[in-house]
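The next block holds one structure in the form of structure tokens; read it before the comments.
The values are calculated or read from the model by the stated rules, or taken from the named source; none is laboratory data. The structure presented is a predicted model; accordingly, all values stated were derived computationally and were not measured. Don't worry about glycine lacking a Cβ; one is built from the backbone with ideal geometry, like all the others, and counts go over all protein chains shown. Calculation scope for accessible area: heavy atoms of the full protein, side chains included, ligands and nucleic acids excluded. Shrake-Rupley method; radii C 1.70, N 1.55, O 1.52, S 1.80 Å.
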Amino acid sequence: KLQFLYLIAFLRRTRGGSSRNMAGGRMRVLVFLGSARVSSPPGPKRLGDRVVRACAAQLAAAGHAVDVVDPLAVPRGEVFKPHFAYAAGRVPVELDALAKKIEAAEGFVMCSPEYNHSMSPALADLLNHFGRSLFSYKPSVIATYSAGQWGGARAAVGMRAYLSELGCLPVSAMIHVPRAQTVLDAEGGYLEGVDQAQWEGYMGRAFDQLAWWGAAAQAQRGKHAPPGAFKHSPSQRDAPSA
């Protein structure tokens, strides 16, 4: 259904925006929806769906292979247990499938609302289920939104440090969508009266940087294997003792 919506959104885009792929190639991009909220008020209930669909449609229009990750579609159990803590062959099917998608991806868009000046706990919880080796040496875009005037910009500050530690370094350009319900409809299309060309140009700057850095990372992986991470304990990266 989501892939169909991306096609419809692409066909609706008749002007403006960044349709070029500056990297000159096709990337596999995962777009993470950072909200598990289905209740209201405030409304609309799934405001993040609109932003995620707009991002996914624009990336698809630029020639990238896009997949959306919704935390509601990934059962994780009531007790926290990350993907790497399971014995071989005992990982829940949905969790293992997402791990494979993360490993195969060449770039990420992390889309989050703002919770108390911080990134969404739903997004952090989902990402914390996977080891950093799956994300490392790949670029990411920070995209935040809100129903109010700030567009989640304060959450983005913490996300930059978080994603850097995860290994998927954020590009410098970010996307902030204030009052997203007045910009995008439920399918991720632009509402009447909204300057679509201006919005697509704004978002395209971040996506072009993602494509550029993604191509650079792919080229480097073709020449050299990425540096290794610790295998068993975080102490393996500690500074030497005196």
| message | For ARG132, what accessible surface area do you get with a 1.4 Å probe? Give it in Å², rounded to 10. | response | 80
| Sorted by average packing, counted as other Cβ atoms within 10 angstrom per residue and highest first, what order do 207-216, 32-41 take? | 207-216, 32-41
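Is segment 27-99 best put as rounded, prolate or oblate by its Cα gyration tensor, with a ≥ b ≥ c the root eigenvalues, rounded for a/c under 1.5, and otherwise prolate when a/b is larger than b/c, oblate when not? All intermediate terms of the calculation are to be shown ahead of the outcome.
Details: a/c = 4.09, a/b = 1.29, b/c = 3.17.
Oblate is the answer for segment 27-99, as a/c is 1.5 or above yet b/c matches or exceeds a/b.
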| said: Within the chain, which whole H helices from DSSP have a Cα span along their axis of at least 18 Å and a mean Kyte-Doolittle hydropathy of -1.0 or more, if any? | reply: 47-61, 153-166, 196-223
| At a probe radius of 1.4 Å, what is the per-residue accessible area of LYS223, in Å² to the nearest 10? | 150
| field | GLU187 - accessible surface, heavy atoms, 1.4 Å probe, Å² rounded to 10 | value | 80
| Reach of LYS138 by Cα under 19 Å, taken over aspartates and glutamates that are not fewer than 8 positions away in the same chain | ASP67, GLU103, GLU106, GLU165, ASP208
| remark: Log10 I(q)/I(0) at q = 0.12, 0.21, 0.25, 0.29 Å⁻¹ for segment 159-225, from Debye over equal alpha-carbon scatterers, is -0.46, -0.95, -1.09, -1.21
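Figure the gain on full extension for VAL93 and ASP125 (residue separation times 0.36 nm, minus the Cα-Cα span) and round it to one decimal in nm. Can you show the working numbers first?
Working: separation 32, 0.36 × 32 = 11.52 nm, distance 1.78 nm.
Separation in residues times 0.36 nm, less the Cα-Cα distance, equals 9.7 nm.
SER39: net charge of surrounding residues, Cβ under 11 Å, Lys/Arg +1, Asp/Glu -1, itself excluded? Could you put the intermediate results ahead of the total?
Details: positive: ARG37, LYS45, ARG46; negative: none.
In short, +3.
So what's Rg/Rh here for the chain, counting alpha carbon atoms and using the Kirkwood radius for Rh?
Values: Rg = 18.0 Å, Rh = 18.6 Å.
Across the chain, the Cα-based Rg/Rh ratio is 0.97.
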| message | Loop only by DSSP, 11 or fewer other Cβ within 10 Å of the Cβ. Give me the GluC sites (Glu not before Pro) in segment 18-103 that pass, ordered by residue number. | response | GLU78
